[in-house]
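Chemist: Before I ask anything, let me first share the structure, which is written out below as structure tokens.
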Amino acid sequence: MIKLSEGGAYLLGGTDIVYDGADAAAQIKSRTGREITKAEAAQNTMAYGILKAHNTSGSMEKLKIKFDKLTSHDITFVGIIQTARASGLTRFPIPYVLTNCHNSLCAVGGTINEDDHMFGLTCAKRYGGVYVPPHQAVIHQFAREMLAGGGKMILGSDSHTRYGALGTMAMGEGGPELVKQLLSQTYDINMPGVVGVYLTGKPVKGVGPQDVALAIIGAVFGNGYVKNKVMEFVGPGVASLSADFRIGIDVMTTETTCLSSIWQTDEQIKEFYDIHGRVEEYQELKPGEVSYYDGMIEVNLSEIRPMIAMPFHPSNTYTIDEVNANLQDVLHDVEERAKVSLDGAVPYSLQDKVVNGRFMVDQGIIAGCAGGGFENICAAADILKGSCIGADGFTLSVYPASMPIYMELIRNGCAATILETGAVLKTAFCGPCFGAGDTPANNAFSIRHSTRNFPNREGSKLQSGQIASVALMDARSIAATAANRGVLTPATEFDGTLGRYKYHFDANIYKNRVFDSKGVADESVEIQFGPNIKDWPAMGALPENLVLRVVSEIHDPVTTTDELIPSGETSSYRSNPLGLAEFTLSRKDPAYVARAKDIQKAETARMNGEHPCQAHPDIKPVMRVIRKTYADATHENTGFGSTIFAVKPGDGSAREQAASCQKVLGGWANIANEYATKRYRSNLINWGMLPFLIPAGDLPFQNLDYLFLPGIRKAVEEKAEVIQAYRVSVEEDSLTAFELRLGELTDEERQIILKGCLINYNRVGLN
């Protein structure tokens, strides 16, 4: 079904694979009649060509990318624009679309959500952007319909910013990276590796895009096969997939931890652009005659079967048939994994879901950028036709990804088919993907065609004893399960006919409702601020030395951004840095906020010209031990703050608040064995936090220890590879040395850290 190459591979003529090895050059010459070097072949990927066209550095090793367009939604755009405004923003230099698909319910926190929407509308008018009102479209569907273009690049402040199936290389990053683009700066990365995804065969009836995506995620997430690389989809199997099917696979590539994705394009993609009135944006993309990939994932689409990602990660994958055939073993395995994810905070068992030997689920959701596509919902309607979901506890909700899709479902009758079953059809909304909609009952099991199934994304509150589970499935198998009154059922058991529905895009829906400035800024427009919209607090520059207190120690194999700063109800406070910071690590380490604030008192006193010893009783004895060896360390040249240790933090969302909330509470660093994603590490850096690395193994410190980093500012300035650090023991009156590393940093990233954050860096640059 899925095969991973052990090394690199060449693709000849877009169809034949030659694995890298001693005889690879001879094979290539015999088939093509000429010699080609690996370096030359690597330049023949689609990814290389697009990156080269957008690179401004003059070096293809060290890229400085300028994007064509930007996108954000309503739990990211307020902070982004506020940051850019603090740095001198006067107009959006490139098209910037502000969608409202996360806080669109306006049901939490009084006027907060609608205040943010009005902030976005007035900013779009003042700075020359596009504003998509609530319920019109989820961010990624609007981008597919109205923004994507062949050979273009889009940067979005949402991790699932993926439009590769349409020939657009898109990346999801934290807000500060969009701020840089708004200030005409660049996105700086090393040339990423490119991994081919070679598709053959054709999906069998009942298999959908989520099934293919989950099979790939299960094969590559754990081993990091595509981490921070570009996935390039090629091979004869691509032609067997519709545009919607490709889009459904593509959006889920985020869950592999890849950097971005790109697909070869053809007449089906051209038709997609034509349907949406933008055929001029189509560009044929295909790899060169001989292309080299750093790895090759071979996927036989004909062998894929309906999949399920069991709680609590998209990579925890099985076939549905495997789950049903081995219920006790699979459920036991899931329960054991849950002990790690949930830290034993609540009792967790799935055994009561087994009734008469069948696994019963409580809720079905088809929603968002992954599930809410036209073909997914039409297929679900065909499977549901003539059935009902019943009058018991099982519920089914369907969210079309945009109002144009909703309209077409009404016109072709699929909406009526779905509603007749007892299911509910709702407007475009991302809530079920991040824990702000369709919260199930305690101990309930929800199956969702959405993007993630991390803990708490279904609305659980472990600290209140509330727990529910989410499993990811394709819309087709969700419909089959719904038709079977909640009995877990693969769609391959459906013996009816799946129709082929023609899609007609109604452009008038957006013309009548979406505000588009056409790139014209209007300085006369006053920005509308709500009472919850707050400016960022002042942040100091990196001092000569640092005293850090470890205030949280996390040993889970992976720590998600949901655990660093919860999603769901907290999203209403993302326009209020201090208010949101109160939720930091609240579901993972409830003691974190108080501990971070406690040591922050010392730095606040220092910044105000007071002696930190007067603000915190630990400072005097800690400094006494330090000054025995480092007599020049004083409270004037030594900063005080917090750090956390996590094995592998940052999987999941692009949300910058996973880092900024720590910074707001006085955080100066993270210490990790590795960072789960490039975007989380970038968020740390852009908020002036040191992304330290330490080898896996026994830690030289523990929670609540004090650490001393002498000469840290000089070390950053001089690009030191090894950072000398010490554990401070007041009881033993000693310093115990250990080493940290920062990893590779660009010159600009070093300056951002030295200035204290991206806001300070840009403010200084403007003065």
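Chemist: Does at least one position in segment 452-462 carry a residue that is farther than 29 Å from D651 by Cα and in contact (Cβ under 8 Å) with a residue 60 or more places away in the chain?
Modeler: Residues of segment 452-462 that are farther than 29 Å from D651 by Cα, as a first pass: none.
For segment 452-462, residues farther than 29 Å from D651 by Cα and in contact (Cβ under 8 Å) with a residue 60 or more places away in the chain: absent.
Chemist: Which of the numbered conditions does Y198 fail, given that it passes all the others? Conditions: (1) among the aromatic types (F, W, Y); (2) buried (at least 24 other Cβ atoms within 10 Å of the Cβ); (3) part of a helix (DSSP H, G or I).
Modeler: The number of the failed condition is (3).
Chemist: Which residues, counting only those in segment 84-135, are buried (at least 23 other Cβ atoms within 10 Å of the Cβ) and polar (S, T, N, Q)?
Modeler: T99, N100, N103, S104, N113
Chemist: May I ask you to say which residue of G164, G174, G156, G151 is outside the structural domain of G277 (by TED's automatic domain parsing) and either surrounded by fewer than 24 Cβ atoms within 10 Å (Cβ to Cβ) or free of Cβ contacts under 8 Å to residues at least 24 places away in the same chain (or both)? If you could, list the steps in order and put the result at the bottom.
Modeler: Values: G164 fails: either surrounded by fewer than 24 Cβ atoms within 10 Å (Cβ to Cβ) or free of Cβ contacts under 8 Å to residues at least 24 places away in the same chain (or both); G174 fails: either surrounded by fewer than 24 Cβ atoms within 10 Å (Cβ to Cβ) or free of Cβ contacts under 8 Å to residues at least 24 places away in the same chain (or both); G156 fails: either surrounded by fewer than 24 Cβ atoms within 10 Å (Cβ to Cβ) or free of Cβ contacts under 8 Å to residues at least 24 places away in the same chain (or both).
G151 is the lone residue from the list that is outside the structural domain of G277 (by TED's automatic domain parsing) and either surrounded by fewer than 24 Cβ atoms within 10 Å (Cβ to Cβ) or free of Cβ contacts under 8 Å to residues at least 24 places away in the same chain (or both).
Chemist: Let me ask another. Looking for whichever is in contact with a strand residue (DSSP E or B) (Cβ under 9 Å, 6 or more places away or on another chain) and touching a residue at least 40 places away in the same chain (Cβ under 8 Å) here; the options are A370, A436, A379, A415. Which one fits?
Modeler: A370
Chemist: For segment 41-52, does any single residue satisfy the condition of being under 30 Å from G579 (Cβ atoms) and in a loop (DSSP other than H, G, I, E, B)? I'd like the intermediate steps shown before the answer.
Modeler: Filtering segment 41-52 down to residues under 30 Å from G579 (Cβ atoms) leaves none.
No, segment 41-52 contains no residue that is under 30 Å from G579 (Cβ atoms) and in a loop (DSSP other than H, G, I, E, B).
Chemist: Hey, among N55, N44, which residue is without any contact (Cβ under 8 Å) to a residue 60 or more places away in the chain and surrounded by 13 or more Cβ atoms within 10 Å (Cβ to Cβ)? Talk me through it step by step, then tell me what you get.
Modeler: Values: N44 fails: without any contact (Cβ under 8 Å) to a residue 60 or more places away in the chain.
Among N55, N44, only N55 is without any contact (Cβ under 8 Å) to a residue 60 or more places away in the chain and surrounded by 13 or more Cβ atoms within 10 Å (Cβ to Cβ).
Chemist: Of the residues that make up segment 588-603, is at least one touching a Leu at 6+ places or on another chain (Cβ under 6 Å), of a type in the set (F, W, Y) and not assigned by TED's automatic domain parsing to the domain that holds G172?
Modeler: yes
This table checks each residue for (1) in a strand (DSSP E or B); (2) touching a Ser or Thr at 6+ places or on another chain (Cβ under 6 Å); (3) over 30 Å from F142 (Cβ atoms).
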site: A39; (1), (2), (3): no, no, yes
site: R91; (1), (2), (3): no, no, no
site: C101; (1), (2), (3): no, no, no
site: G109; (1), (2), (3): no, yes, no
site: D116; (1), (2), (3): no, yes, no
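Chemist: For segment 425-523, list the helices (runs of 4 or more DSSP H) that sit wholly inside it and hold at least 1 residues that are touching a Leu at 6+ places or on another chain (Cβ under 6 Å); which are they? Even if it seems obvious, please write down each step before you answer.
Modeler: Working: elements: 431-434, 475-483, 508-511.
In segment 425-523, 475-483 are the helices (runs of 4 or more DSSP H) which contain 1 or more residues that are touching a Leu at 6+ places or on another chain (Cβ under 6 Å).
Residues are listed down the side, and each one gets a yes or a no for (1) out of contact with any helix residue (DSSP H, G or I) (no Cβ under 7 Å at 6 or more places or on another chain); (2) modelled with pLDDT of 95 or more:
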site: R305; (1), (2): no, yes
site: D321; (1), (2): yes, yes
site: S341; (1), (2): yes, no
site: Y348; (1), (2): no, no
site: A381; (1), (2): no, yes
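Chemist: Of the residues that make up segment 525-537, is at least one surrounded by fewer than 17 Cβ atoms within 10 Å (Cβ to Cβ), small (G, A, S) and in a loop (DSSP other than H, G, I, E, B)?
Modeler: Within segment 525-537, not a single residue is surrounded by fewer than 17 Cβ atoms within 10 Å (Cβ to Cβ), small (G, A, S) and in a loop (DSSP other than H, G, I, E, B).
Chemist: Would it be correct to say that K227 is modelled with pLDDT under 95 and either part of a loop (DSSP other than H, G, I, E, B) or of a type outside the set (V, I, T) (or both)?
Modeler: Against the criterion (modelled with pLDDT under 95 and either part of a loop (DSSP other than H, G, I, E, B) or of a type outside the set (V, I, T) (or both)), K227 qualifies.
Chemist: Looking only at residues that are modelled with pLDDT of 90 or more, touching a Gly at 6+ places or on another chain (Cβ under 9 Å) and not aliphatic (A, V, I, L, M) in segment 421-439, which one is nearest to L462 (Cα to Cα)?
Modeler: K426
Chemist: Filter segment 726-760 for residues that are within 33 Å of the chain's Cα centre (by Cα) and assigned to a loop (DSSP other than H, G, I, E, B) and give the result.
Modeler: Within segment 726-760, L742, G743, E744, L745, T746, G756, C757 qualify.
Chemist: Within segment 404-424, can you find the residues that are crowded, with 19+ Cβ neighbours inside 10 Å, out of contact with any Cys (no Cβ under 7 Å at 6 or more places or on another chain) and hydrophobic (A, V, I, L, M, F, W, C)? Explain how you work it out, then say what you get.
Modeler: Here is the first cut: in segment 404-424, the ones crowded, with 19+ Cβ neighbours inside 10 Å are 404-406, 408-409, 414-415, 417-418, 421, 423.
Keeping just the survivors that are out of contact with any Cys (no Cβ under 7 Å at 6 or more places or on another chain) gives 404-406, 408-409, 415, 417-418, 423.
Answer for segment 404-424, where residues must be crowded, with 19+ Cβ neighbours inside 10 Å, out of contact with any Cys (no Cβ under 7 Å at 6 or more places or on another chain) and hydrophobic (A, V, I, L, M, F, W, C): I405, L409, A415, I418, A423.
Chemist: Also, I was wondering about something else. Kindly indicate which of N686, N673 is out of contact with any helix residue (DSSP H, G or I) (no Cβ under 8 Å at 6 or more places or on another chain) and over 15 Å from S653 (Cβ atoms).
Modeler: Values: N686 fails: out of contact with any helix residue (DSSP H, G or I) (no Cβ under 8 Å at 6 or more places or on another chain).
The conditions single out N673.
Chemist: Something else about it: Restricting attention to segment 208-258, report how many residues are over 20 Å from L51 (Cα atoms) and either over 20 Å from the mean Cα position of the chain (by Cα) or of a type in the set (V, I, T) (or both). First the steps, then the outcome.
Modeler: Initially, segment 208-258 is screened for residues over 20 Å from L51 (Cα atoms), giving 208-225, 235-249, 252, 255-256.
From what's left, either over 20 Å from the mean Cα position of the chain (by Cα) or of a type in the set (V, I, T) (or both): 208, 212, 216-217, 220, 235-245, 247, 249, 256.
Residues meeting the conditions: 19.
Chemist: Would it be correct to say that S302 is out of contact with any Lys or Arg (no Cβ under 9 Å at 6 or more places or on another chain), polar (S, T, N, Q) and in contact (Cβ under 8 Å) with a residue 40 or more places away in the chain? Step through it out loud before you land on a result.
Modeler: Working: out of contact with any Lys or Arg (no Cβ under 9 Å at 6 or more places or on another chain): no; polar (S, T, N, Q): yes; in contact (Cβ under 8 Å) with a residue 40 or more places away in the chain: yes.
It is false that S302 is out of contact with any Lys or Arg (no Cβ under 9 Å at 6 or more places or on another chain), polar (S, T, N, Q) and in contact (Cβ under 8 Å) with a residue 40 or more places away in the chain.
Conditions (1) touching a helix residue (DSSP H, G or I) at 6+ places or on another chain (Cβ under 8 Å); (2) aromatic (F, W, Y); (3) modelled with pLDDT under 95; (4) outside the structural domain of A42 (by TED's automatic domain parsing), marked per residue:
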| site | (1), (2), (3), (4) |
| --- | --- |
| G58 | no, no, yes, no |
| T71 | yes, no, no, yes |
| Q82 | no, no, yes, yes |
| L98 | yes, no, no, yes |
| L105 | yes, no, yes, yes |
| G109 | yes, no, yes, yes |
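Chemist: May I ask you to say which residue of T560, T570 is in contact (Cβ under 8 Å) with a residue 40 or more places away in the chain and either closer than 29 Å to T451 by Cβ or among the small types (G, A, S) (or both)? Give the derivation first.
Modeler: Working: T570 fails: in contact (Cβ under 8 Å) with a residue 40 or more places away in the chain.
Step by step, each of T560, T570 is checked, and only T560 is in contact (Cβ under 8 Å) with a residue 40 or more places away in the chain and either closer than 29 Å to T451 by Cβ or among the small types (G, A, S) (or both).
The values are calculated or read from the model by the stated rules, or taken from the named source; none is laboratory data. Note that the coordinates shown come from a computational prediction; the quantities given were computed from them, not determined experimentally. Because the Cβ atoms are built from the backbone with ideal geometry, glycine has one as well, and the counts that use them run over all protein chains shown.
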